[in-house]
Every structure is written in structure tokens, then in C-alpha cells.
Amino acid sequence: MNDAQQTAPPRNRRPRWTTGLVAALVTAGSLVGGTAVAAPAAPDAAAAPDAAAKDRHRPVRVPGDPMAAVAAMQPSWNLGNTLDALPDETSWGNPLTTKATFDGLKAQGFRSVRIPVSWYPHQSATAPYTIDPAWMARVKQVVDWALQDGLYVEINVHHDSWQWIANMPADHDDVLARFNATWQQIATTFKDEPRTLLMESINEPQFSNATDAQKTQYLRELNTSFHRIVRGSGGQNRDRLLVLPSEETNNAQHWLDDLATTMGSLRDRNLVATVHYYSWYPFSVNIANGPTYDATAQADLHDGFARVHDTFVAKGIPVYVGEVGLLTSPYSGVVERGEMLKYFEHVSYEARANGFTTALWDAYNDFLNRSTMQWMVPEMKALIQASWRTRSGTASSDNVFVPASGAVPAQTLTLNPNGLSFTGVWQGDTPLVPSRDYTLSGNQLTLTAAALTRLAGDRATGVNATLEVRYSDGVPWKLFVRSYERPVLSDATGTTDGLTVPTRFNGSLVADVESTYADGSAAGPASWTTYQSFDNYRADYGADTTTVKSDFLKSLKDDAPVTLTFHFWTGATVTYHLTKSGNTVTGTAS
């Protein structure tokens, strides 16, 4: 992934979005049928350790058919923010990778790993652009550990893309010479590795101050040169699977067409196309009033994957979606829990239906704990592992809000069975009783007033009960019965380094935030929408505080009052007022 140009840990994976790029994403889709990819066998926790070890070290035969070979890589995972971190492997917060990393990955059911590598911090910036032998040896050690576990492995040239390759329009000859020298050294080092090692020319290629026609020219030149160098280096590189990206790994049709033209010109059956997918931008970062995984976000995924399928898979060219995720950390609260789960369920299904292999982007303990290689959140483990073979049903929400006082009304949710059958609603090991506790009309599930009154108990604000909507397959959909009152924000003072606002959430959850100046114009880093990214704020429900973050505060005009409108999932809105004066920020409750 193209993280912001920084050396601090980019845990929220924020690319450097320009105004033009944001506008393009909002209007034309986001970064990103066929033969279904085979699902991996479920990990057998009871298998004897010696049998498991023997299986891990069994040689892997790569199918002769490239489509079958890439299918055998599903599911995949990224060793993100590690060998690609700047300047060193642990600079962005991850521990040193060990053999146990890949033992754990294999035990969780993954069949392949993408290992992004940034070379330039360990490489001479002038000819002959020598890569530090110690760094090359470390990369090879990590690759070999993964290969020994029977995993397919992909390596690439990663953050070099925006660090120096992006300068190609202004410094064409030097960039091309350095790119060629980089791949000559990599290809020579790895030429005798088994064909379970794949090579990707460049991560998210981009070119500064270039027209679309120039971008096409430069990327075609780099991909072609990469192909020539690797194929000419001998050994297993003669027929190794080589992975070529579209411009920015985007799924816009003109970029896909450009890549297809390049691949056709190379006349090589052992090529793989790659794109990335981080969802519809307003949803992925919760900006522009996009807190839900709505029809627009769903269509962006469906239509984008259809374009990739029709351009490549339908013509016998395999596709490796080298990064799949969100542009915000999955447990940051920027994207609401249930909406996040709907997205990951859907993207897994669409990939399977279109015959893609997908690599989960895992930057810093987002999915797997790097110290233990166990899943961070059991429900995400269950959902993603189930998605390798089937769908899971969802619902319009994962929260049922009931007032903390007064009468409790019945509540209706829309079920999304995703082709499955509804089998009931449970609380723990106890099934709820149809007619008495709930009714079902089509896909409309109504929890009765009597049932919700019972489930809410004393109606202390917060979660009173947890239910499961169960379907005929997949992972049950959790429903949290929450009692709530109107939230209350208090006056506060702080600096542009951050403002902490005492907040009584009273069981409510923030959906998104709108910010405006007195004339109604947008206040905040995004001038094109009044709904700023929820990443500008942090609602700490345990500490009863709301933090307004530095990037937002520093973007405000001096002595120009700002109105924040907090939108809650209960439907309530609460206004709050901010004024920045120099380095001082004052917050006032309405």
C-alpha cells in the first residue's frame, strides 16, 4: 500500500490523497465472474505436531496452468509494514519476522503470503545502485522461511514507487537505470528459488506531474523491462509467475485495458494481473456522510471486480488482488463494526465468485497478532475463514437501541440472508420464541416490545444483551441490545495538538461528524464535504471522552467559529462549537 510519506507507523494506512485523486475516487470508483477459487481446508487444531511439521515442509507442486496456480494461493495475507517499513523492518511497530510467523500463518489456513519490500533505504542512490548484501540476505531469509512452510510467496518493489520511481517524468533515464539495476540484483538472488515464489514488478505505480498517456508509457516501459530482466536471468525465473499491476493498481477500465495491452505484447502465459481494493472511498474512511456499507459502496465493489474479471479472468489471465482492506484500521471505530463486517463478507464473496485470489492487508496487528500469529478478534477470524467457502448472512444493523426510560417500542431490522435461510434468533444457548419474541415477514425481522423490555433488563445505558441471528450456513450475525439516553458534551479547552472533550455518551455511538463555518462552508481538512473523516475524531466510550485530533484543528481558520454536528446511530444529533485562536482551541457545548 502507498502509505503517507512518513517514517512513523502508518497504522491507519493513509495514502497521500490529493484533491484531484479524491474527486476521481468519488466519481469514478475506488482502488482496487470466473472460475471459483478453491477454499482451503479448515485448520485441524487436533493434528499431531509432527504431522503438521511434515506437511509444512512437503514440496509444493505448482500447477502448469497459471489460473490453477494462482487459485492454489487462496487465501493470501500481507506481511505489511515490515520489510517495506521505512527505514528499517521494525520502524513501524512490528516485531522482527521469524520462522514462527509463517508456521502460525500456515496453521491459520493461509496458503500464500505477499512480502512487500522497500529496497531504497538499503541501496545506493547512484550507479550501480547496489543493494546492501545484508538486506538482501535478510529478505532471502524471510522468503525462505515462508517457502519452507509450503506457502506461495510474492515479493515486490514496494515504497520505492513513490520514493523515487514516481520521479520518472522528470528523471527518466536515472529512474529506469535504477529500476533495472534493482531487479537485476533481485532476479539473480532469487533465480533458483522454487516456482512457488512470485515476483511483482512494482507496488501501486504512480508518476508525478504526468498525463494519462505518459503514465501508460512509463508503466509499460517498467513492466516490460522487469519482464525482460527476470526472464533473462535464468534458473526458475525462465517460467516463474510474474505479477504486473495496473496504474496505481486501480480498476478503472482504461488502466485495465493498458495493462491487458502490455501483457498481450509480452506473449507470456505465466503472467498474473494485480489490482488492489480498499472499498468506496467515502465508506472506507467514513467521510462525506458515508458511514454505512450502502448500495453505492456495494456497487463500487461489484462493478470494479466485474471489470477486472471481464478484462483478465474471462480471457484466461489470473488475477491476484494483492491488497484488500479498508483505508482505516478495522478496529479504530472509524468504520462501525457491523458495517465493516458486511464489507469484508461481501469482498470475499465477490472475489470468490470472480475467481480472484485475495491478500488481506495486515499492517500492524489489524487481523493477526504478530507475536502469536493468532487472530486479534475471534469474530473476524470466523467471518473471514467462513468466507473462503461460503457466505454469511447479515442485517441492516448490528445494534438495537432502546430508550433508557419510558415505553420500549418494537424494533424492525432488514435481514440480508445472502442466499442462505434464516433459522432463528438466539441469546446464548437459548432460542428466542417466534411470535412471542419476534416475527418474520419476508426479510423484515421484528423484535417485539415485550422481548426487548425483557432483554434490556434494568436498562442501564450500554449493552444489555447480545443476540445472534442464525442462518443455514456461515457465521451468525450478532445484535447488541443497547439502552441509551441523549449524549452530553461539555466545555473544554486545549491546543491544536488535540482537544479532549468530556462526553457522556449514555449508551449512544457516534456515526459521523459534520463541521461547518458560520456561512455553512466545510471546516476541516476536506474542503469538498462538510462531513469530515471520522478519523479526525476519537470517541473513547470507556473514558467518556471525545478527542478532536490535531490534523483537523490545525486546518481551521483562526478566530472563525466552527459548529460540529455529531450524528449518532440512535438518530440523535448534538452540536458543539469550536474556535481556534493561534495554538489555543476552545470548545463550547450548545
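Data table
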item	result
Zone of Asp491's modelled label, taken as backbone nitrogen in the stretch 557-585 under 16 Å from a point 7 Å along Cα→Cβ	576-580, 585
Lysine-lysine proximity count for the chain, Cα under 19 Å, sequence distance 8 or more or distinct chains	13
Gyration tensor verdict on the stretch 218-285 (Cα atoms; rounded if a/c is under 1.5, prolate if a/b is larger than b/c, oblate otherwise)	prolate
Within the stretch 298-410: Cβ-based charge dipole about Cα centre, in debye rounded to nearest 20 (Lys, Arg +1; Asp, Glu -1)	320
For the stretch 385-522, size of Cβ-based charge dipole, Lys and Arg +1, Asp and Glu -1, in debye	560
FRET efficiency, 1/(1 + (r/R0)^6) with R0 25 Å, evaluated for Tyr541 and Asp473 via beta carbons	0.15
MRE, 222 nm, helices only [DSSP H, n ≥ 4, -39500 (n - 2.57), over the chain, to nearest 500]	-8500 deg cm²/dmol
Probe 1.4 Å - accessible area at Lys315, Å² to nearest ten	140
Which of Thr97, Pro561, Ser515, positive extreme of dipole for the chain (C-beta unit charges)	Thr97
Integer Hz, Karplus 6.51/-1.76/1.60 couplings in order for the stretch 205-211, x for Gly and Pro	x, 8, 9, 6, 6, 10, 6
Mean accessible surface per residue for the chain, computed with a 1.4 Å probe while every protein chain stays in place, in Å²	38
Extension gain from Gln214 to Thr575, taking 0.36 nm per residue of separation minus the Cα-Cα distance	125.2 nm
Cβ-placed point charges (K, R +1; D, E -1), dipole of the chain about Cα centre in debye, nearest 20	1120
DSSP-defined antiparallel bridges as percent of all bridges, the chain, nearest 5	65
Per-residue HN-Hα couplings for the stretch 260-267 [Karplus 6.51, -1.76, 1.60; θ = phi - 60°; Hz; x = Gly/Pro]	4, 5, 4, 5, x, 5, 7, 6
Separation in nanometres of the label points that stand 7 Å from Cα toward Cβ, at Ala314 and Lys554	4.7
Calculated Rg and Dmax of the stretch 500-590 using C-alpha coordinates, Å	12.4, 36
Phi to ³J(HN,Hα) by Karplus 6.51 cos²θ - 1.76 cosθ + 1.60 over the stretch 489-501, Hz, x for Gly, Pro	9, 10, 4, 7, 10, x, 10, 6, 6, x, 10, 9, 9
Globularity ratio of the chain, using Cα Rg and 2.2 N^0.38 Å	1.02
Accessible area of the stretch 267-321 belonging to carbon and sulfur atoms, whole % at 1.4 Å probe	47
Solvent exposure ordering (accessible area, 1.4 Å, most first) of Tyr531, Tyr278	Tyr531, Tyr278
Linear extension gain, Trp528 paired with Met376, 0.36 nm per residue minus alpha-carbon span	51.2 nm
Two-site label geometry, Thr461 and Gln163: point separation in nm, points 7 Å out along Cα→Cβ	4.8
Listed residue (Tyr537, Trp477, Val574) projecting farthest to the positive dipole end of the stretch 460-589, Cβ model	Trp477
Amide proton proximity set for Val153, modelled H, under 5 Å, gap of 5+	Val113, Leu197, Leu198
At R0 = 60 Å, FRET efficiency that the Cβ-Cβ distance of Arg61 and Ala127 yields, to 0.05	0.90
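The values are calculated or read from the model by the stated rules, or taken from the named source; none is laboratory data. Note that the structure is a prediction, hence the values are computed from the model and not measured. No Cβ is skipped: glycine too gets one built from the backbone with ideal geometry, and neighbour counts run over all protein chains shown. Note: accessible area is taken over every heavy atom of the protein model, side chains too, but ligands, DNA and RNA are not part of it. Shrake-Rupley method; radii C 1.70, N 1.55, O 1.52, S 1.80 Å.
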